[in-house]
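Here the structure is laid out as structure tokens; the discussion comes afterwards.
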Amino acid sequence: MADNVTSREPQYVGFWKRLLAFIIDVLVLVVVLLPLMIALYGGGYLSRLGSEFAALLISSGDPNADAARILDVLGRSDSAIAALLDIKVQIALIVATIVFWRFRGATPGKMLTKARIVSASNLGRPSTGQLTGRFFAYLVSFIPACLGFLWIAFDKRKQGWHDKLAGTVVVHDD
């Protein structure tokens, strides 16, 4: 008896579902990062973070004074915002994301929305190099007004620019 093997076209995950996955990832990141940042930088971390964001969002009408205020806030050694940009925190986030992609095929948001990242060429597991490239290619998708992410809505295979550069696609996980 011959096996009936049907090769079906993969179901690519579109813009809205990927946006939902991103929002979930941000919420998970806050839940994980907030206690860590409070433990590392003290109990007053949240109030400092709030007051610094408030100071950054107020405009005096003078671009030079605003730029000086931003540099002053971010340049302080006890800046809560600068702590988020600390190289150790950033490296930990990069490594955690790539490890999730490598061993689970997705971040928590993609897992909850039943999506996974695969190689565009064979729909198999992407290499660690592809995943690392994909992470850094997020900058290319983000910098020009997030056009690389919006591209997902119009692309035939629902690839953002970061997916195209890394040779990956996001498909529905069965």
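The values are calculated or read from the model by the stated rules, or taken from the named source; none is laboratory data. Just so it is clear, the structure is predicted and the values come from calculations on it, not from any experiment. Here the Cβ positions follow ideal geometry from the backbone for every residue, glycine too, while neighbour counts run over all protein chains shown. Quick note on the areas: whole protein, heavy atoms, side chains included, nothing else; ligands and nucleic acids left out. Shrake-Rupley method; radii C 1.70, N 1.55, O 1.52, S 1.80 Å.
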I'm trying to understand the selection: among the residues of segment 7-37, which are modelled with pLDDT of 95 or more, in a loop (DSSP other than H, G, I, E, B) and out of contact with any Lys or Arg (no Cβ under 8 Å at 6 or more places or on another chain)?
11
For segment 122-141, state whether one or more residues are outside any loop (DSSP other than H, G, I, E, B), open to solvent by 60 Å² or more (accessible area, probe 1.4 Å), under 21 Å from residue 14 (Cβ atoms) and in contact with a helix residue (DSSP H, G or I) (Cβ under 9 Å, 6 or more places away or on another chain).
yes
What's the number of the condition residue 83 fails, among (1) open to solvent by less than 70 Å² (accessible area, probe 1.4 Å); (2) free of Cβ contacts under 8 Å to residues at least 40 places away in the same chain; (3) closer than 30 Å to residue 44 by Cα?
(2)
Is there a residue being assigned to a helix (DSSP H, G or I), open to solvent by less than 70 Å² (accessible area, probe 1.4 Å) and in contact with a strand residue (DSSP E or B) (Cβ under 7 Å, 6 or more places away or on another chain) anywhere in segment 93-101?
yes
Could you run through segment 109-121 and say how many residues are open to solvent by 30 Å² or more (accessible area, probe 1.4 Å), touching a helix residue (DSSP H, G or I) at 6+ places or on another chain (Cβ under 7 Å) and not hydrophobic (A, V, I, L, M, F, W, C)?
1
Quick count over segment 40-79, residues being open to solvent by 80 Å² or more (accessible area, probe 1.4 Å), closer than 19 Å to residue 90 by Cβ and aliphatic (A, V, I, L, M), is 1
From 108, 126, 144, which residue is farther than 18 Å from residue 16 by Cα and either in contact (Cβ under 8 Å) with a residue 24 or more places away in the chain or over 17 Å from the mean Cα position of the chain (by Cα) (or both)?
126
Failed condition for residue 51, given (1) among the hydroxyl-bearing types (Ser, Thr, Tyr); (2) closer than 30 Å to residue 165 by Cα; (3) assigned to a helix (DSSP H, G or I), with all others met?
(2)
